Amino acid sequence: MLKVGLTGGIGAGKSEVSRLLAASGAVLIDADKIAREVVEPGTAGLAAVVEAFGEEVLAPDGSLDRPRLGSVVFADAEKLSVLNSIVHPLVGARSAELERSAAEDAVVVHDVPLLTENGLAPLYDLVIVVDASPRTQLDRLVRLRGMSEEDARARMAAQATRDKRLEIADIVIDNDGPLDALRERVAEVWADLVRRARP
């Protein structure tokens, strides 16, 4: 089994790369998706979040009101660290469970947005960084995601720097060009990963 960490700055195209790798045959473990699953209604995770932050973080239907919780934790580093101490271990346990169920010769790709920020590179056999210039990132966030330029710049600034991400990269996928070029590069990377995964 080859354990791959996949990361990239906001707007770099990491989601597209993870989609292409999964379509090629990778076992994809998406940290963001799992982070949502572990706080669904009826889970111990949601109960712990409500205990820490109160019922006001719930939507009328009993699910987690993410925007409301976000406005509480992103303005207060201490509260964010409380939330992370609840969610991160649950995400880690579920990720490990999914990894254990993968085939022996599988290429397991962990899609982890904050891989660099949380110092997680040592957990993987290799790290792939999807890279795009800040100008490209900004353009995609404003044009494709409808963010204001100010909001997009703030989100980019809140993440690890481009240099910090590139420092931990074993493989860099440049995504400043057209989608066809990205598909070609991902196909090359996939062939390399399959070779490395062979026992």
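The values are calculated or read from the model by the stated rules, or taken from the named source; none is laboratory data. Nothing here was measured: the structure is a model prediction, and the numbers come from that model. Don't worry about glycine lacking a Cβ; one is built from the backbone with ideal geometry, like all the others, and counts go over all protein chains shown. What goes into the accessible areas is simple: the full protein's heavy atoms, side chains included, and nothing from ligands, DNA or RNA. Shrake-Rupley method; radii C 1.70, N 1.55, O 1.52, S 1.80 Å.
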Practice problem: Report, by residue number, each residue of the stretch 13-33 that is more than 18 Å from GLU188 (Cβ to Cβ) and either assigned to a strand (DSSP E or B) or aliphatic (A, V, I, L, M) (or both). | Solution: VAL27, LEU28, ILE29, ASP30, ALA31
Exercise. Looking for whichever is under 26 Å from ARG153 (Cα atoms) and of a type in the set (Val, Ile, Thr) here; the options are ILE10, ILE29. Which one fits?
Key: ILE10
Quiz item: With respect to ARG155, is the statement that it is touching a residue at least 24 places away in the same chain (Cβ under 8 Å), within 16 Å of the chain's Cα centre (by Cα) and within 23 Å of VAL186 (Cα to Cα) true?
Solution: no
Practice problem: Return the residue satisfying two criteria in turn: it lies in the stretch 8-29 and is open to solvent by 30 Å² or more (accessible area, probe 1.4 Å) and of a type in the set (S, T, N, Q), and of such residues it is modelled with the lowest pLDDT. | Solution: SER15
Exercise. Of the conditions (1) open to solvent by less than 30 Å² (accessible area, probe 1.4 Å); (2) of a type outside the set (A, V, I, L, M, F, W, C); (3) closer than 18 Å to ALA102 by Cα; (4) out of contact with any Leu (no Cβ under 6 Å at 6 or more places or on another chain), GLY5 clears all except one; give me its number.
Key: (4)
Quiz prompt | Single unsatisfied condition, ASP32 versus (1) free of Cβ contacts under 8 Å to residues at least 24 places away in the same chain; (2) exposed (fewer than 15 other Cβ atoms within 10 Å of the Cβ) | solution = (1)
Exercise. Note down all Cβ pairs under 9 Å where the first residue falls in the stretch 65-85 and is farther than 15 Å from VAL39 by Cβ, the second is at pLDDT below 85 and of a type in the set (A, V, I, L, M), and they're at least six residues apart or on different chains.
Key: PHE74/ALA158
Self-check item: Checklist (1) within 25 Å of THR116 (Cα to Cα); (2) touching a strand residue (DSSP E or B) at 6+ places or on another chain (Cβ under 8 Å); (3) surrounded by fewer than 19 Cβ atoms within 10 Å (Cβ to Cβ) applied to VAL50, failing item
Solution: (1)
Exercise. Examine the stretch 34-48 for a residue that is part of a helix (DSSP H, G or I) and touching a Leu at 6+ places or on another chain (Cβ under 7 Å), and state whether such a residue exists.
Key: yes
Practice problem: Please determine, by comparing only the residues of the stretch 164-180 that are under 14 Å from ALA12 (Cβ atoms) and without any contact (Cβ under 8 Å) to a residue 40 or more places away in the chain, which one is nearest to the chain's Cα centre (by Cα). | Solution: LEU166
Exercise. Could you list all residues from the stretch 54-74 that are open to solvent by less than 90 Å² (accessible area, probe 1.4 Å), part of a loop (DSSP other than H, G, I, E, B) and either farther than 16 Å from PRO41 by Cβ or in contact with a His (Cβ under 9 Å, 6 or more places away or on another chain) (or both)?
Key: GLY54
